[in-house]
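The structure appears below as C-alpha cells.
Bear in mind these aren't lab numbers, they're just calculated from the coordinates by the rules spelled out. The model shown is predicted, which means the values in this text are computed figures rather than measured ones. Because the Cβ atoms are built from the backbone with ideal geometry, glycine has one as well, and the counts that use them run over all protein chains shown.
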Amino acid sequence: MEKRESSNKRVYFGVFMIVIGVLWIMERLNLIPDFWNDILISWQMLLIGIGVFSLIGGNKTTGTVLIVIGGFFLMPEMMSIPYELKRIGWPLLIILIGVVLLVTHFGKHNTPREQPTFDPGRAYGINYFDEFVMFGGREVYIDSKSFVGGKTTSVFGGAEYDLRQAQLSPNGAVVDCVSIFGGCSFKVPPDWTIKNEVTAVFGAFTDKRGSSINHIVSDPSKTLIIKGFAAFGGVEVKYM
C-alpha cells in the first residue's frame, strides 16, 4: 500500500512538471497572450501548483494554505482591487489561513486516519507529539522510553527535535513532517535506522550522521520512518 502511494506521488509530480514545462515552452514561443503569460508564469501560480500537488499527495492542510496564499496575491494581477480592501488585505489573509487550519483540523477528527505503528486516538504524552511552527522556531527534547512518533509542520520557521535519549517502541516510530519555506531537524542516536519517505519539491532530505560519527552500525530493530513533504525547505537528520 505504501509503495503504491509513493508511486502515485511520483506520477502526480511527473504530470506537474510536464505542465510547467509545456507552459514554459508556450511562453517562449509567444503562444500565450501577455495577460495570461504574467499570470501563469508567476511565483503566485507556482505556490498554487505546489498546493495542488500537496492536496493530491494527501497533505490537505499544506496544500490548501498554499493555494489560499497564492490565490490571494494573484487576485490583484487579475482584477482591480479597491483601496479599502487593499488596506485590510493582510488581516484577511491571516483570517483565511486561520479558517483553513481550523477546518482541516476538525475535518481530521471527523474522518478515520491510518497510522502503521500506533493508534492516533490514544493519549501518548511524551511518546507522541503534534507540533505546528509558523514564523518562528522551536526546540523539543524527548526522552520517551517508548517513542511512537508524531507530526510536525513548519511554515516559514523551524523545529528541532532531540531524540538522542529516547527509546523507540517495539514497533518503531513514524514521524510525519511538513516543511514549507522552513526546516525540520532530528537529533537521533547513531544506531537508529532511518527510513526516508519525504517528498521534496525544491527542498531536500539529508542524513548528516556520517559526518559526525565515523562508524555507524544501524540496528534494523530500531527503525524511525520519516515521511511527509518539503517545499522550499528541508528535513535533516543528525547526531550532534
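In nm, what is the difference between 0.36 nm times the number of residues separating SER42 and GLU27 and their Cα-Cα distance? Can you show the working numbers first?
Values: separation 15, 0.36 × 15 = 5.40 nm, distance 1.18 nm.
Gain on extension, SER42 to GLU27, equals 4.2 nm.
Separation between the ILE18 and ILE95 pseudo-spin-labels, each 7 Å from Cα along Cα→Cβ, expressed in nm?
4.2
Using a Förster distance of 45 angstrom, determine the FRET efficiency expected from the C-beta separation of GLU131 and PHE35, and round it to 0.05.
Once rounded, the FRET efficiency stands at 0.60.
Once R0 is set to 30 Å, what does the formula 1/(1 + (r/R0)^6) return for the Cβ-Cβ distance between ASP143 and ALA204, expressed as a FRET efficiency to the nearest 0.05?
After rounding, the FRET efficiency stands at 0.55.
I need the calculated FRET efficiency for the pair TYR83 and ASP219, taking r as the beta carbon distance and R₀ as 45 Å, to the nearest 0.05. The partial results should precede the final answer.
Numbers: r = 63 Å, r/R0 = 1.40.
Taking R0 as 45 Å, the efficiency between TYR83 and ASP219 is 0.10.
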